[in-house]
1. Regarding the range 1-141, what is the average projected area of its C-alpha convex hull, in nm²?
2. Based only on the alpha carbon positions, what is the Kirkwood hydrodynamic radius of the chain, in angstrom?
3. Between Glu111, Glu228, Glu30, where does the largest GNM mean-square fluctuation fall for the chain, given springs only between Cα atoms within less than 10 Å?
4. Determine the dipole magnitude for the range 200-317: charges of +1 sit on the beta-carbon of Lys and Arg, -1 on that of Asp and Glu, nothing else is charged, the reference point is the Cα centre, and the result goes in debye to the nearest 20.
5. Considering only the chain, what is the antiparallel percent among its DSSP beta bridges, to the nearest 5?
6. Just want the ordering: Ser297, Ser154, from fewest to most Cβ atoms lying within 10 Å of their own Cβ.
7. Run lengths n ≥ 4 of DSSP H only: what is the helix-derived mean residue ellipticity at 222 nm for the chain, with -39500 (n - 2.57) per run over all residues, to the nearest 500?
8. When the chain is treated as a GNM, springs tying every alpha-carbon pair under 10 Å, which of Leu217, Leu85, Leu17 comes out with the largest mean-square fluctuation?
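A short reminder: the numbers here are calculations on the coordinates, not readings from a lab. Owing to the predicted nature of the structure, the values given are computational and were not obtained by experimental measurement. When we count neighbours, we look across all protein chains shown, and the Cβ atoms used for this are built from the backbone with ideal geometry, even at glycine.
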Amino acid sequence: MCRVAVLSYPGVALFELACAVELFGLPRPEFEHWYQCQVVCFEQKLSETTTGLLLQATLVDDLDDYDMLIVPSWPAGMRDIPAPLAEAVLRFYRCQKRIISFCSGAFLLAELGIFEGRDATTHWRYAEQFQQRFPQTRYIDDVLYIYDGQIGCSAGSASGIDLGLEIIRQDFGYNLANQVARRLVVSAHRMGGQSQFVETPVLEVPNQFSASIDWALSHLDSEIDVNELAGRASMSRRTFDRKFRSSFNMSPKAWLIQQRLEKAKRLLESEGYSVEKVAELSGFDNAITMRHHFRKSLSISPVQYRQQFKDSGLSMN
């Protein structure tokens, strides 16, 4: 059982805190194992959020009873961190426990030196301020989140959900993370090395274009010609390519490779197929081609990916 503490304080951002509670604190009786979550504070139990709503949290003196800490936000301009909180978070960090920040929460961890010598990110509106104040931290832009297994931070409010889903995937596996994503009605965000992306944007209006995409997703193990997809969408190839790029910010060919990688990852995590069989079921020409795309996108081989899942993905069960 992983015990999660979500940090509250006067002026905490309500949306980010709610995202953390939704991800890790919502009861999920359909799962045999799940997190045990509490919203905690180091000051008064009753405090006012950014919206003026009063929030009652569990008053604590330390974080010793928890395994993971989530900092949903933090005032970007605050340099004087209350001593009990600072001591508790640093002790938590030195015990090599997991610490996660959403959006401006990165400022608390950076102020305590936790990001020193590490990659970190935060909301783009704070990027310049963050870099100026914490030059010993390697600021990374154009990512949704950064997570190394112990320390994580997200670029903005909603991307905290992407980070949370990645943590759930590493703790419990791909299928369970997908179930949580479906409950949240969001795409199951995936991570490969430092490459982050949302798998499949939801199109506003179901139409022939989206029907063509759905068909491709259900036939990934078959040879798919982009001209055929364009025909199924009742579009010329040029119009289809333009529509595809505006919807997915990538070419149809790159998208197909991405979706086949995702299918291969699911199979490697949940099935005992050989690498050759996984390549066949995922629609790659052969195992060599699949290995090439794994190394290009994830910097590891399919076998290493499966082993990584065995080492970390089932550790919570």
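1. The Cα convex hull of the range 1-141, projected and averaged over all directions, gives 8.8 nm².
2. Evaluated over the chain, this radius sits at 21.2 Å.
3. With Cα springs under 10 Å in the chain, the top fluctuation among Glu111, Glu228, Glu30 is at Glu30.
4. Taking the Cα centre of the range 200-317 as origin, the dipole is about 420 debye.
5. Details: 9 of 28 bridges.
Looking only at bridges with both residues in the chain, the antiparallel portion is about 30 percent.
6. Ser297, Ser154
7. -13000 deg cm²/dmol
8. Leu217
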